[in-house]
Amino acid sequence: RLMGFCRVNLFKRLESGGPAFIQSIHRHILRNYVVLYSIENGLDVPLGTQAAEMLDTRISDADADPAAANMFDDDGDSGATEPEANLNHIPTEKEFRAQAERTYQYYAGPGKNRFKWLRPSIFRKELALHLAADAKSLIEILNLCGTWDTKKDAKLDALFKLITKQHPDEKVLIFSQFADTVNYLSEQLEGMGVKAVVGVTGDSADPTTDAWRFSPESNEKTAVISPDKVIRILVATDVLSEGQNLQDAHIVINYDLPWAIIRLVQRAGRVDRIGQKAEKILCYSFLPADGVERIIRLRGRV
């Protein structure tokens with residue numbers, strides 16, 4: 001059951017996008033090597049959440065939907081400071097082990113009080129063998145995937161055309177379950193020439209101000225938000241799916257599907273509320289690829 005749970009979580013991230021999937025594989029590998037480093041050197045093993053800012057492999061791995069959070073807290077949009085993503089390099093086992101050593105030193109130093117600590121002698125010797133085998137299998141998956149080529153990202157290309165060809169001048173609110181995906185989309189769209197695009201996650205300094213910049217009229221902030229500060233494309237996790245007035249827009253895009261339908265209702269509810277002036281509210285949803293859908297039945301569940 002535990003294996004199945006991990007498997008579904010990884011496929012859910014793949015449903016969101018290749019970058020989120022690859023980043024999660026990175027983190028799984030690094031966790032394995034952190035524990036391996038402990039056992040192989042006779043050091044106490046850290047027990048507790050290894051949060052995003054502590055597993056710095058130049059990637060980030062967060063999720064705003066607590067319903068999908070896994071046992072590693074891999075997916076908690078917890079406000080951790082996350083490093084910039086690097087999808088252009090696949091670390092070797094040697095590089096992962098070196099990073100694991102540095103990470104452990106941080107855990108045992110500044111991060112010591114965040115963990116409980118177990119002596120390595122209480123674990124069976126097979127654990128180290130299994131962790132090493134697991135990590136090597138995951139590295140093989142990374143090598144099979146290869147480095148990420150944004151130019152071949154058909155899903156990103158479809159989103160780009162939707163907001164530049166179909167709705168070139170309108171405000172658009174884009175939701176993703178994963179902060180990784182939000183960071184990726186906001187960065188890539190800006191790099192593709194999309195103007196006035198901002199990403200908002202649990203790590204953002206001031207999500208409320210970003211909401212005001214996106215929807216100044218409905219928040220009665222037109223007097224304090226200058227035209228050059230207004231946001232046209234707002235990419236966000238579900239940190240903005242509740243309690244915000246965003247009805248200056250009438251277009252919502254679900255870049256990935258949440259597990260619970262209430263999330264879709266909440267997302268649409270940011271623009272479908274009193275003060276909405278558009279005759280129609282448009283909600284677009286990207287659906288899981290057929291292969292992924294057969295495995296996790298996400299669309300069927302929703």
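The values are calculated or read from the model by the stated rules, or taken from the named source; none is laboratory data. In this text, all values refer to a predicted model and were calculated from it rather than measured experimentally. All Cβ positions, glycine included, derive from the backbone under ideal geometry; neighbour counts span all protein chains shown. Calculation scope for accessible area: heavy atoms of the full protein, side chains included, ligands and nucleic acids excluded. Shrake-Rupley method; radii C 1.70, N 1.55, O 1.52, S 1.80 Å.
With the condition being open to solvent by 40 Å² or more (accessible area, probe 1.4 Å) and of a type in the set (Gly, Ala, Ser), I'd like the helices (runs of 4 or more DSSP H) fully within region 164-274 carrying at least 1 qualifying residues.
On the way: elements: 179-191, 207-214, 261-269.
The helices (runs of 4 or more DSSP H) meeting that bar are 179-191.
Quick check on Arg294: is it over 22 Å from Gln166 (Cβ atoms), part of a loop (DSSP other than H, G, I, E, B) and either among the charged types (D, E, K, R) or within 17 Å of the chain's Cα centre (by Cα) (or both)?
Working: over 22 Å from Gln166 (Cβ atoms): yes; part of a loop (DSSP other than H, G, I, E, B): no; either among the charged types (D, E, K, R) or within 17 Å of the chain's Cα centre (by Cα) (or both): yes.
It is false that Arg294 is over 22 Å from Gln166 (Cβ atoms), part of a loop (DSSP other than H, G, I, E, B) and either among the charged types (D, E, K, R) or within 17 Å of the chain's Cα centre (by Cα) (or both).
Per-residue answers, yes or no, for (1) free of Cβ contacts under 8 Å to residues at least 12 places away in the same chain; (2) more than 16 Å from the chain's Cα centre (by Cα):
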| residue | (1), (2) |
| --- | --- |
| Arg232 | no, yes |
| Tyr255 | no, no |
| Ile262 | yes, yes |
| Ala268 | no, yes |
| Asp272 | no, yes |
| Ala278 | no, yes |
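Out of (1) modelled with pLDDT of 85 or more; (2) more than 20 Å from Thr237 (Cα to Cα); (3) of a type in the set (A, V, I, L, M, F, W, C), the odd one out for Ala20 is which?
(2)
Does Ala128 satisfy being touching a helix residue (DSSP H, G or I) at 6+ places or on another chain (Cβ under 6 Å) and either part of a helix (DSSP H, G or I) or more than 22 Å from Arg13 (Cα to Cα) (or both)?
Numbers: touching a helix residue (DSSP H, G or I) at 6+ places or on another chain (Cβ under 6 Å): yes; either part of a helix (DSSP H, G or I) or more than 22 Å from Arg13 (Cα to Cα) (or both): yes.
Yes; evaluated as a whole, the condition is true for this residue.
Go through region 200-255 residue by residue and tally those that are polar (S, T, N, Q), more than 29 Å from Leu287 (Cα to Cα) and in contact with a helix residue (DSSP H, G or I) (Cβ under 8 Å, 6 or more places away or on another chain).
Qualifying residue count for the region: 1.
For region 130-149, give me each residue that is touching a residue at least 60 places away in the same chain (Cβ under 8 Å) and either open to solvent by less than 60 Å² (accessible area, probe 1.4 Å) or over 29 Å from Val252 (Cβ atoms) (or both).
So in region 130-149, the residues touching a residue at least 60 places away in the same chain (Cβ under 8 Å) come out as 131-132, 134-135, 138-139, 141-142, 145, 147-148.
Within region 130-149, Leu131, Ala132, Asp134, Ala135, Leu138, Ile139, Ile141, Leu142, Cys145, Thr147 qualify.
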